C-alpha cells in the first residue's frame, strides 16, 4: 500500500506491504523504494515491510534538510506515524548511512541493523573530491548524463554483460530524477561523520552484506568493519558489485530471510 507523511511541509512517500514484525528497507541512489521489489515480494508474507523513498527520490519531495541525519529523522517520523516503536532497519549504500544515523540518534527504535553494500566510514579526502566533481557534473550536464555514466560501473562485469538491458531500463527509470536531489545526496555523503562508534556501541545484531566486486564500498573496507559490533552476521555476495539485491536476487533474499528469522 502506498502511503505518505507530511514532514515539515514536505510530502514523503513510502510503501507498506505484509504483516508481522516491521522491517524497513532503505534504498540507495539513484533509486527509490522500488529497488527492493524482489525482496518485498519474497518477505512480505512473514513481515511488515516498509520501503520509503528518500526525500528527492520517487514521489518524495526534496526536503529542506537533506543531510544524512535529516533523512534519518524522516524515517523516524514514518515509524512514529505507523506507531512502530522498534523495527529491523536495513539500508543500501546511502540508505545504510541513514540507517546508522537512525541507530545513532534513535537507538531505541533499531531492533537490528543491516548494512547492504554500505559503510560506517566517513569519506576519505579523495572520495570527497570525487563527489564534488560529481556535483559539478550534475549541475552542468543534468541527471541523465550522470546516471548513464556512473550507474553501469556499479554492477559487476558479468552482470553488466549479461543484463545490459536491465541496466538500461534502470537508467531510463531514474534518468529524470531531480538534479538537485542527486547533488544533495552527494553533499550529504561528503558531510557525513564517521560512525564506527555506532557499530561499537550497538547491542543488537548487525548484518553486513558485501559485494565481492563492489567498487563503491570496497570489500576490504567492509571486512575491516564487520568485526566491530558485538554480534555480526557477515555475507559476501560472490557475483555482485554494488547492487546485490538485483545481481543476486535469490541469494540476497535468503540472506535477509535467515537474518530476520534470527532477530525477529
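Tabulated data
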{"read-out": "Residue list for the range 218-263, restricted to those being part of a loop (DSSP other than H, G, I, E, B), over 17 Å from the mean Cα position of the chain (by Cα) and closer than 15 Å to residue 96 by Cβ", "value": "226, 228, 229"}
{"read-out": "Members of the range 1-51 found to be without any contact (Cβ under 8 Å) to a residue 60 or more places away in the chain and in contact with a helix residue (DSSP H, G or I) (Cβ under 6 Å, 6 or more places away or on another chain), listed by number", "value": "15, 17, 49, 51"}
{"read-out": "Residue list for the range 15-43, restricted to those being touching a strand residue (DSSP E or B) at 6+ places or on another chain (Cβ under 7 Å) and assigned to a loop (DSSP other than H, G, I, E, B)", "value": "18, 19, 20, 27, 28"}
{"read-out": "Filter pass, residue 99 being at positive phi and either touching a residue at least 40 places away in the same chain (Cβ under 8 Å) or in contact with a strand residue (DSSP E or B) (Cβ under 9 Å, 6 or more places away or on another chain) (or both)", "value": "no"}
{"read-out": "Single residue of 215, 161 found to be on the phi < 0 side of the Ramachandran plot, part of a loop (DSSP other than H, G, I, E, B) and surrounded by fewer than 19 Cβ atoms within 10 Å (Cβ to Cβ)", "value": "215"}
{"read-out": "Residue 74 being touching a strand residue (DSSP E or B) at 6+ places or on another chain (Cβ under 8 Å), over 24 Å from residue 237 (Cβ atoms), in a helix (DSSP H, G or I) and touching a residue at least 60 places away in the same chain (Cβ under 8 Å)", "value": "yes"}
{"read-out": "Some residue of the range 135-142 being in contact with a helix residue (DSSP H, G or I) (Cβ under 8 Å, 6 or more places away or on another chain), without any contact (Cβ under 8 Å) to a residue 24 or more places away in the chain and surrounded by 14 or more Cβ atoms within 10 Å (Cβ to Cβ)", "value": "yes"}
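Let's see how each residue does on (1) in contact with a helix residue (DSSP H, G or I) (Cβ under 7 Å, 6 or more places away or on another chain); (2) in a helix (DSSP H, G or I):
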site: 84; (1), (2): no, no
site: 96; (1), (2): no, yes
site: 103; (1), (2): yes, yes
site: 121; (1), (2): yes, no
site: 130; (1), (2): no, yes
site: 168; (1), (2): no, yes
site: 172; (1), (2): no, yes
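Coordinate-derived values only; no laboratory data. Keep in mind the model is a prediction, meaning the values are calculated, not measured. Methodologically, a virtual Cβ is constructed for each residue, glycine included, from the backbone with ideal geometry; neighbour enumeration extends over all protein chains shown.
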